[in-house]
Every structure is written in structure tokens, then in C-alpha cells.
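A short worksheet on the structure shown next.
The values are calculated or read from the model by the stated rules, or taken from the named source; none is laboratory data. Keep in mind that this is a model prediction, so the values were computed, not measured. Positions of Cβ are backbone-derived with ideal geometry, glycine not excepted, and every protein chain shown enters the neighbour counts. Calculation scope for accessible area: heavy atoms of the full protein, side chains included, ligands and nucleic acids excluded. Shrake-Rupley method; radii C 1.70, N 1.55, O 1.52, S 1.80 Å.
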Amino acid sequence: MQTTNDVTFGVTDPIFEIRNASVTFDMERGTSRVMDSVDMNIQRGEILGVVGESGSGKSMFASALLDAIPDPGQLSGEITFRPESGEEIELLQQSESEIKQIRWEEIAMVFQGAMSSFNPTMTIGDHFEETLDVHGYDVDDGMERGRDLLSELYLEPEQVLHSYPHELSGGMQQRALLAMSLLLDPEVLVMDEPTAALDLLMQRSIIELIRKIGQQRDLTIVFITHDLPLVANLADRLGVLYAFEFVEVGPANDVLTGSKHPYTRALLNSTPNLHTPREEMRPIEGKSPDPVSVPDGCTYHPRCPMSDDNCVAADPPFQAGSGATDHQAKCHYIDDVNEAVPLNLREVHNE
Ligand SMILES: Nc1ncnc2c1ncn2[C@@H]1O[C@H](COP(=O)(O)OP(=O)(O)OP(=O)(O)O)[C@@H](O)[C@H]1O
């Protein structure tokens, strides 16, 4: 068994290095720790899929990458952003105005439900112009770029720019938001459930567009979802969140076909095949932990069929087993997991 403190996860050119990042909220009933000492490296140009159940901390992770945790949450630790050119930036040491500049210009974010990101009284064109203007970009050049982006996303530029958000379908709104997020040519796109409100067909077509645009523009994409089948066909690497921390990280194919953590395997087993619509996925047994009182030792032990006294007593470090260190899981028993939690997926592949 290879225990490793190597939390680079084999990433050779990190655009983000996240170390010991935690988010806490002081609540009446105690401190709620909704991100728990997270270490993660993100490779420049990759698509990192972040998956986990509802409430596992996915949105907190997304917000942390922009130092945009909602008040009164407290974000601590180190988040180093290494742009392609220029000096590395310690995100948590930037002033509010410096962070505002980095957001959209370097790191853009697309959330679920485009409607909440658009002002209903402004046309899409007004939004584009305002974004360019606020960031001091040349509006004419920027609008030209905006038109190109809309075309690349199979939208009719003039029609969309002159429309109010409610005049567009959900899929068109989400693509217009995607174009707006790329208007200032960011290096990183953080997407938090960007397709959740759309029907399956539209989700698939937007995923294809995200993949194409990411490749063309050397974008680094962090794609956050509770929908494993959706991200399985998109991500280069997967990070699986459970109880506010990553429990497994690795190349997407390795995680999908040879997952090392019993939680990931339960998640995969709740997905009959990776092309199944979400309606057919089964929830996994047990309840996810309350962030005010996460279990001692391995946080998954109350739900884990493999757990023993050791799991109650000691929080496992990341382990690579006999495999490469780019695929690791936080479990004491990664060498036994194949037998203890067999995968029942009929079809697992990452196209
Ligand atoms: N403003 C807040 N104050 C206190 N706790 C919060 C706040 N926002 C979220 N949380 C808690 O933080 C934890 C993680 O939430 P987060 O939204 O990151 O989960 P998630 O995995 O994105 O879930 P979902 O898939 O449902 O969006 C949850 O327990 C949630 O209740």
C-alpha cells in the first residue's frame, strides 16, 4: 500500500494550487465547516469534473476559486493562481478591487440558470457592452469578438444581441451566458451545474460545445455537477467530493472504470449506465454528514460497508495503492475495495 502526501496528483503545470483551503460559517449551533482542508491541483488546459451529492460542497469549491464565498463565510488556506504570463497570484491576499479584475478577465464563472445572471430589463447586447465597459475593454473590438463567440455557439448574433433574456429559450440563454463569460478571453472557466435546468438533449449539445470551445481556446475548465453521466463524457480528470473534501482524484477513465473509494463506487453503482437519464439514477443509502458535526475518522465510515474500528479512529490520508500517484483515494482499504464493493455498471466509458 502506497500512502502518499503527494497532493499534486501528478499535475505538471498547475494553473491552480489549492492548499489546506477551508470554508466555515459560524452558526448558532456551532461552526459549520463546508469545505474541509482541501488540497487540489488543477492542470492548465484540462477539464476537471467535480462530482458529489447535493450538499457535498461543490458550489463552495467553485466559489473558492474566485474568492467569492457568500457572506458571512470565511475562506482560509492558500489558493495560488498561475496565469499563462505574469506572476503567480495568491488569490486570498488580493484586495477586493484586484479580485474584481481577476474575475471575468482571468477566471470566469457560469452558474446554473442563466436567467438569474441576466438583468431582465437589459438586452443581451447591453450585457455584453456593460461587461466590456466595466473592465475597460474596447467595446467595438469586444462586440466583434462577442458576435464570433455567439456564432461559434450556433446562435444568430444580431438576433440574440437585440433580444431580452426572456425572449430566448433556456438553451439559448445558457449559450449566450457562455459567450458572455468568454468575452474577456479568460484562462479559466468555472461552471457550476451550467446545464442543470435544461433537457437532456440540450445538455448534451452544450457539453459538446463546451468541449469544442475549451480545446480551441486552451481554456482550463472546472465543471461542477451532481450528474456523473454528464461529466463522464467531458472531463479529463475527476475529483469526487464527499463531506466537504475530495475523497478521490484521478484521470476520468481510471476513476470511472477502477474507482478506489467505496463512496465513488456507490455513486457509480447508483448510475446503471453512463447514458442513463438522471431520473433513473438511484440515491445511495444513508445520509450525507451535517457540516456542523462531521463524523470522526473517515467521514464516510457510517455509510461504508467496509468500515471497521480503524476507520472510526483515523482519517485516512490519500493513498495510491499499487497504481500511479495521479489516481488516489482517501480510504484505508483501497486494495480491498474492488472485492468489497463490486461495480455493477453495465457500461462505463469516457468517450
Ligand atoms: N450561506 C450559507 N451559510 C451557511 N451554510 C451554507 C451556505 N451556503 C451553503 N451552505 C452549506 O454548505 C454546504 C455545502 O453547500 P454547497 O452549496 O457547496 O453544496 P453542493 O454540493 O453545491 O450542493 P448542491 O448540489 O445541492 O448545489 C451545505 O451543507 C450547505 O447547507
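Would you point out which residue out of THR24, THR12, THR8 is touching a Lys or Arg at 6+ places or on another chain (Cβ under 8 Å), surrounded by fewer than 20 Cβ atoms within 10 Å (Cβ to Cβ) and either of a type in the set (Ser, Thr, Tyr) or part of a strand (DSSP E or B) (or both)? So that I can check it myself, show each step before the final result.
Details: THR12 fails: touching a Lys or Arg at 6+ places or on another chain (Cβ under 8 Å); THR8 fails: touching a Lys or Arg at 6+ places or on another chain (Cβ under 8 Å).
Being touching a Lys or Arg at 6+ places or on another chain (Cβ under 8 Å), surrounded by fewer than 20 Cβ atoms within 10 Å (Cβ to Cβ) and either of a type in the set (Ser, Thr, Tyr) or part of a strand (DSSP E or B) (or both) holds for just one of THR24, THR12, THR8, which is THR24.
Restricting attention to region 191-244, and to residues there that are within 14 Å of the chain's Cα centre (by Cα), within 16 Å of the ligand (Cβ to nearest atom) and open to solvent by 20 Å² or more (accessible area, probe 1.4 Å), which single residue is farthest from LEU153 (Cα to Cα)?
HIS226
Please verify whether GLY57 is within 13 Å of the ligand (Cβ to nearest atom), modelled with pLDDT under 95 and at positive phi, treating the condition exactly as stated.
yes
Could you check region 287-338 and list, in sequence order, the residues that are loosely packed, with under 13 Cβ neighbours inside 10 Å and within 16 Å of the ligand (Cβ to nearest atom)?
LYS287, SER293
Just one of (1) more than 27 Å from GLN174 (Cα to Cα); (2) more than 19 Å from the chain's Cα centre (by Cα) trips up ASN119, so point out which.
(1)
Would you confirm whether or not region 88-101 contains a residue that is touching a residue at least 60 places away in the same chain (Cβ under 8 Å) and either among the charged types (D, E, K, R) or within 16 Å of the ligand (Cβ to nearest atom) (or both)?
Among the residues of region 88-101, not one is touching a residue at least 60 places away in the same chain (Cβ under 8 Å) and either among the charged types (D, E, K, R) or within 16 Å of the ligand (Cβ to nearest atom) (or both), which makes the answer no.
Residue by residue through region 61-86, note down the ones that are assigned to a strand (DSSP E or B), surrounded by fewer than 19 Cβ atoms within 10 Å (Cβ to Cβ) and not small (Gly, Ala, Ser). Even if it seems obvious, please write down each step before you answer.
Initially, region 61-86 is screened for residues assigned to a strand (DSSP E or B), giving 74-81.
Now drop any that are not surrounded by fewer than 19 Cβ atoms within 10 Å (Cβ to Cβ), which leaves 74-78, 80.
The answer is GLN74, LEU75, GLU78, THR80.
Please specify each residue of region 6-31 satisfying the condition of being within 11 Å of the ligand (Cβ to nearest atom) and modelled with pLDDT under 95.
The answer is ASP26, MET27, THR31.
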